[in-house]
Each structure stands twice: as structure tokens, then as C-alpha cells.
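Undergrad: Sharing a structure here in C-alpha cells format.
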Amino acid sequence: MKIGDRVICGGGGGTYATHVVAPANHLIPVPGELTLEQAAAGLVQGFMAYALTHEAYPIKPGNWCLVHAAAGGIGLFLVQMAKIRGGNVIAVVSTEEKARAARAAGADEVIISTQADFAKEARRITNGRGVNVVYDGVGKDTFEGSLDSLAPRGYLELFGQASGFVPPFDLMTLQEKGSLYINRFSLLYFRDSWQTYAEHFVQWVQEGRLSVKIDRTYPLADAARAHEAFEQRKISGRILLIP
């Protein structure tokens with residue numbers, strides 16, 4: 001790194017600030033083809049979506065994928081990258097407004113979770129078989145339904161716990177529901193794929209295959225308002241705090 005380089009600080013906390021001191025190995029260069037807004041809103045979360053759809057469970061053409069919170073920041077990236085891989089995407093959202101955002105990102109089917117049982121709907125959509133993979137950042141509240149959405153030998157990729165941690169459960173459940181797989185995903189173990197991902201990210205954005213949706217921006221002094229918007233589930237896409 002040298003003075004003047006555009007970077008993302010990819011480690012730890014303490015970044016709600018106008019200036020940050022960070023170890024050099026925590027800094028991620030921002031490709032020259034991207035704006036700082038695109039990088040801040042999408043580069044790191046896009047990497048998580050890339051690792052989930054391209055490596056943790058590499059989606060094959062024709063696979064059925066179910067994405068929870070599909071209109072959120074990472075959800076929109078998961079939908080778009082699953083489509084880039086040739087998958088069929090079922091998006092789970094909470095409102096009709098968010099359903100429109102998921103469809104605009106390329107979702108083939110949308111389930112509004114406040115109006116229907118997403119596991120039953122996923123099986124209906126797939127003619128009773130279930131999906132090949134579920135991407136779940138919600139955790140406790142969706143865990144059982146996610147398992148019930150899977151086809152035999154399907155994969156549940158858990159990458160978050162917005163509703164709380166999944167409690168202990170009997171591993172025999174995986175056998176009974178179809179010899180299922182569960183992965184508790186951590187981005188830390190995919191860092192060697194960063195360079196390949198960054199090149200793809202820039203290319204996809206330039207080609208219009210990947211959109212970085214910024215829902216709104218707030219001054220850093222209004223960070224509490226940004227958190228309130230998240231907690232009230234008003235967001236579709238990403239929020240930026242501007243120092």
C-alpha cells in the first residue's frame with residue numbers, strides 16, 4: 001500500500017469513524033474501475049455472495065436455490081450471482097415492495113414469508129422435490145423450514161443468525177430428511193479467492209450483469225437512524241454512512 005491508494009478496511013470493528021488506523025493486511029485495494037460508493041456498498045458483501053454461490057455450494061445450471069432475505073444487501077447479490085451461475089432462484093422476502101426488488105434482481109419465483117409457508121411453497125414450486133441449496137442468513141427462525149425446503153442430498157448454507165443462533169439439534173434429523181448437508185459458512189476461509197472474485201466483480205458490474213443497489217445514505221452522525229431502518233426492515237439493498 002502507498003499513500004493515496006483507495007482501500008476498504010476489511011477487518012474488525014471501529015470503522016464508524018472519519019479516520020481509521022488498521023493493519024496493512026486488513027486493507028483491500030479498490031479496483032480503479034469501481035467508484036468508492038460501489039466498493040463500499042458491494043465489494044465485501046459481494047465477496048460473501050460469490051464464495052457462497054461459486055465455492056461453498058457451486059451452483060450448477062438448472063439447480064434450484066432458495067435465498068432468504070433476498071431483498072437485503074447480501075440477498076440481492078446472492079440472487080444475481082445464482083443467476084450468473086445458471087441457477088433457478090426462489091427469493092423469500094417479507095413485503096411486496098421487497099418482492100419487486102428481488103424480481104428486478106432476477107429471481108424466478110418470490111415467496112412473501114408473511115403470507116405463506118416458505119417451505120411448502122418451495123416444494124410446490126419444485127414439484128415436490130425441494131431445492132438443491134438454501135442460503136440462510138436468518139438463523140433460528142428459518143432453520144427448520146430451510147431443512148424442510150431441501151431436496152434429498154441438498155445443502156443448507158448458514159451464513160448468519162439475524163434471528164438468533166440455531167439451537168443444538170439431533171444429527172439424525174439430516175438422515176431422516178434426505179441425507180442433507182449443513183455448512184456453517186465463514187468468509188475467513190475463502191480469502192484465497194479474493195483476486196479472482198474482484199476481477200469477476202468488476203467485469204460483471206461493467207457488463208451490467210451485477211447491480212450494486214444502494215437504498216440510501218446517511219451522514220456518519222446519523223448512524224443510529226441507519227440502524228433503526230435496518231431493525232424495522234425498511235431496507236432493500238445497502239446503506240452507506242458518509243463521514
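Undergrad: Taking the Cα centre of the stretch 45-186 as the origin and placing charges on Cβ (Lys, Arg +1; Asp, Glu -1), which of Tyr57, Leu156, Ser179 is farthest toward the positive end of the dipole?
TA: Ranked along the dipole, the leading option is Tyr57.
Undergrad: Would you compute, from DSSP H runs of 4+ residues alone, the mean residue ellipticity of the chain at 222 nm, taking -39500 (n - 2.57) per run and dividing by the full residue count, rounded to the nearest 500?
TA: That calculation yields -8500 deg cm²/dmol at 222 nm.
Undergrad: Pairs of Cα atoms under 8 Å, at least six residues apart: use those to get the relative contact order of the stretch 86-134, whole percent. Spell out each step's value before the answer.
TA: Working: 52 pairs, mean separation 15.3, N = 49.
Reported relative contact order: 31 percent.
Undergrad: Same structure again: Would you calculate the separation in nanometres between label points at Lys177 and Ala104, each defined as 7 Å from the Cα along the Cα-to-beta-carbon direction?
TA: Each label point is offset 7 Å from its Cα along the Cβ direction, giving 3.3 nm.
Undergrad: Sticking with this one: Take each uninterrupted DSSP H stretch in the chain, measure its Cα extent along the helix axis, and return the ones at 15 Å or beyond whose mean Kyte-Doolittle hydropathy is at least 1.0. Could the numbers behind the result be given before it?
TA: On the way: long enough: 73-84 (17 Å, 1.59); 194-207 (19 Å, -0.82).
Membrane-span-like by this rule: 73-84.
Undergrad: Given the Cα-Cα distance of Arg216 and Arg233 and 0.36 nm per residue of separation, how much length would full extension add, in nm?
TA: Values: separation 17, 0.36 × 17 = 6.12 nm, distance 1.34 nm.
Result for the pair: 4.8 nm of gain on full extension.
Undergrad: Can I ask one more? Would you calculate the separation in nanometres between label points at Gln203 and Ala22, each defined as 7 Å from the Cα along the Cα-to-beta-carbon direction?
TA: Each label point is offset 7 Å from its Cα along the Cβ direction, giving 2.6 nm.
Undergrad: Let me ask something else. When only alpha-carbon atoms are used, what values of Rg and Dmax, in angstrom, describe the stretch 141-243?
TA: Values for the stretch 141-243 (Cα only, Rg and Dmax): 18.5, 52 Å.
Undergrad: Quick one: Cα centre-to-centre distance for the stretch 62-88 and the stretch 212-243, in angstrom?
TA: So the separation of the two Cα centres works out to 22 Å.
Undergrad: What distance in nm separates the simple spin-label points at Lys2 and Asp170, each placed 7 Å from Cα in the Cβ direction?
TA: Distance between the two pseudo-spin positions: 6.4 nm.
Undergrad: Still on this structure, I have one more. What's the Cα-based Rg to Rh of the stretch 204-243, Rh via Kirkwood?
TA: On the Cα set of the stretch 204-243, Rg over Rh gives 1.10.
Undergrad: Still on this structure, I have one more. Output the relative contact order of the stretch 124-242, whole-number percent, from Cα pairs under 8 angstrom with separation of 6+ residues. It would help to have the intermediate numbers written out before the result.
TA: On the way: 145 pairs, mean separation 21.7, N = 119.
About 18 percent, as a whole number.
Undergrad: Please arrange Val166, Val131 by accessible surface area, largest first, computed with a 1.4 Å probe and ligands excluded. Please list the in-between numbers first.
TA: Details: Val166 45, Val131 0 Å².
Largest accessible area first, the residues go Val166, Val131.
Undergrad: Distance cut-off 19 Å, Cα to Cα: go down the list Lys83/Lys213; Lys60/Lys213; Lys98/Lys213; Lys213/Lys234 and report the pairs above it.
TA: Numbers: Lys83/Lys213 17 Å; Lys60/Lys213 25 Å; Lys98/Lys213 13 Å; Lys213/Lys234 14 Å.
Going by Cα-Cα distance, Lys60/Lys213 fall outside the 19 Å limit.
The values are calculated or read from the model by the stated rules, or taken from the named source; none is laboratory data. Every value quoted in this text rests on a predicted model; they were computed, and no experiment measured them. Glycine gets a Cβ as well: all are built from the backbone with ideal geometry, and neighbour counts include every protein chain shown. SASA here: full protein model, heavy atoms, side chains in, ligands and nucleic acids out. Shrake-Rupley method; radii C 1.70, N 1.55, O 1.52, S 1.80 Å.
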